[in-house]
Structure formats: structure tokens, C-alpha cells
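Note sheet for the following structure.
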Amino acid sequence: MRAEVAFSEAEIDEGRRLFAGNWSFLSAASSIESLPRARGLEVAFAGRSNVGKSSLINALTGRKALARTSNTPGRTQELIFFGASNSLTLVDLPGYGYAAAGKSKVAAWTRLIHDYLRGRAALGRVYVLIDARHGVKAVDETMLNELGKAAVSHQIVLTKCDQVSETDLVARVEQTASAMRNRPAAFPELIVTSARTGAGIPQLRAAIARLLAERFR
Ligand code: GDP
């Protein structure tokens, strides 16, 4: 079984067009009460702090500083919404797994994510970002378990693939994909990316375009 998703040229082109618009910040929500009204399809990005989530969102949207990079542990935990002039909204979920995060902070994060995942009909998929060097860690398992319990479709995106050798990458993809096969709400295939080199960015755009087409067919 292939562990990476494949796309046709037409799908790659569809993805390119979907992201060609002018992406901007729409709103931020630090509680479930302050979520913006959902419109169209939402696709969210989750990941351990420093996994490369901001860099990936910036690479996808072709904006240098749309998502703020190098989040600090003290930063308010917010869901951040980005849009362009189409029916897709990107949602940057607060990073998790800060070594220094206290119990109350972790509890607040869990509550916010839990409520968002369960109450958002517009949410089509969550991309869970995993550092290609490190693989799935215990903190990622917590996120994956939340997604499974909420029955939200999700898929792994490996980040920073420029930092590992081709051999290690193949092994990482296989190992991660096989761990995901035990999770019914998880997409079995991965998307392998590097915000630095641009590898996999056209494929991730195409994956989101495919999802949008499926949702509004
Ligand atoms: P976030 O905390 O998940 O939003 O992560 P950032 O996007 O701020 O990235 C964390 C660090 O990883 C920064 O120093 C980035 O420059 C670096 N980084 C992000 N993406 C890549 C990548 O694809 N390749 C490499 N080599 N470094 C990356």
C-alpha cells in the first residue's frame, strides 16, 4: 500500500488555484463563545509547538507572515481563522506540548479543542503536523485521541522533510502510516512536506481542493 497520497496534474492545478487568492487574517477566538460564524469548509492545522505549523500555513497561502512563527509559551491560546475570497477557511489551532505549560493551561487547551472539534459542522478535516525527524510522540497521541473520540476526519502531515535523509524519510512515512491504520477517523495516507523547500506544498493544496470538491459536489 502506498503510504503517501498521489494527485493528478489537474488536481495539483486545482489546489494551486484554490490558494492563489489573497489570504488574510479573519479573526481569533480564545473561547468557544467567541468563534466566528462558520461559512463554507473549514480545514484546521494542529501540532506540537515548534513543529512548523506557522511556516506551513505561510507556505500554503504564499504569505510570508500570515501565521506568526515561533509561538511563545506565554501566548494566549487562540484559534486563528484565515480566509481568501472563496469558501475555504483555514484554522490555526493552538500549539500543544510546551514543556513549561502548567496544568491549568493544558486543561484550557483541552477544553477549547474538545469543544471546537465536537461543535463545528463546517470542519472538514484536521491536519495533524508531525516533525519528520521525531515521528508521533505522546503529546501527539493526545491530540489524535481527541480527534478519534470526536470522530473528526484527520490526516498526518510530516513537516521539515528537508531535515531527514531519503532513507529515514521512507521509514518514518511507513511507520507513521501503519500507526494511523488503527485509527478509524484517520486518513491512512500521509502528506510529506517542507516549508523550507516547498516540497509537498502543491500536494497539500491539492488534498484540500479535493476535500472542498467532495464537500460541495
Ligand atoms: P510553529 O511553532 O509550529 O508555528 O513552528 P514555526 O513555523 O514557528 O517553526 C518552528 C521552527 O522550525 C522555526 O525555526 C522554523 O524556521 C523551522 N521550520 C519550519 N518549517 C521548516 C521546514 O520545513 N524545514 C526546516 N528545516 N525548518 C523549518
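Pairs are defined by a Cβ separation below 6 Å, a sequence spacing of at least 6 or placement on different chains, a first member in the stretch 152-171 that is of a type in the set (Val, Ile, Thr), and a second member that is outside any helix (DSSP H, G or I) and open to solvent by 10 Å² or more (accessible area, probe 1.4 Å); the pairs so defined are THR159/GLY52; VAL164/ARG133. Contact annotation: residue pairs with Cβ atoms under 7 Å, 6 or more positions apart or on different chains, pairing a residue in the stretch 123-150 that is among the basic types (Lys, Arg) with a partner that is in a loop (DSSP other than H, G, I, E, B), are ARG125/SER153; ARG133/LYS160; ARG133/VAL164. Filtering the stretch 120-127 for residues that are open to solvent by 50 Å² or more (accessible area, probe 1.4 Å), at pLDDT below 95, within 17 Å of ALA29 (Cβ to Cβ) and not β-branched (Val, Ile, Thr) leaves a non-empty set.
Just need a number here: residues in the stretch 1-37 that are more than 26 Å from ASP140 (Cβ to Cβ), open to solvent by 40 Å² or more (accessible area, probe 1.4 Å) and more than 16 Å from the ligand (Cβ to nearest atom). Count: 16.
Condition check ((1) without any contact (Cβ under 8 Å) to a residue 40 or more places away in the chain; (2) open to solvent by 50 Å² or more (accessible area, probe 1.4 Å)) across all residues:
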position: PRO188; (1), (2): no, yes
position: THR193; (1), (2): no, no
position: ARG196; (1), (2): no, yes
position: ALA199; (1), (2): yes, no
position: GLU214; (1), (2): yes, yes
position: ARG217; (1), (2): yes, yes
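A Cβ distance below 6 Å, combined with a sequence gap of six or more or placement on separate chains, defines the contacts here; from the stretch 41-64, residues that are within 12 Å of the ligand (Cβ to nearest atom) reach residues that are outside any loop (DSSP other than H, G, I, E, B) and open to solvent by 20 Å² or more (accessible area, probe 1.4 Å) in the pairs ARG48/VAL139. Scanning the stretch 4-40 for residues being assigned to a strand (DSSP E or B) and either under 15 Å from PRO94 (Cβ atoms) or without any contact (Cβ under 8 Å) to a residue 60 or more places away in the chain (or both) gives a total of 4.
When the stretch 41-56 is filtered for residues that are open to solvent by less than 40 Å² (accessible area, probe 1.4 Å) and not in a helix (DSSP H, G or I), the ones remaining, listed by number, are LEU41, GLU42, VAL43, ALA44, PHE45, ALA46, GLY47, SER49, VAL51, GLY52. Scanning the stretch 67-82 for residues being at pLDDT 85 or above and more than 19 Å from THR197 (Cβ to Cβ) gives a total of 5.
The values are calculated or read from the model by the stated rules, or taken from the named source; none is laboratory data. Source: prediction; values computed, not measured. In this analysis, Cβ positions are derived from the backbone assuming ideal geometry, glycine residues included, and neighbour counts consider all displayed protein chains. To get the accessible areas, we keep the full protein, side chains included, count just its heavy atoms, and leave off ligands, DNA and RNA. Shrake-Rupley method; radii C 1.70, N 1.55, O 1.52, S 1.80 Å.
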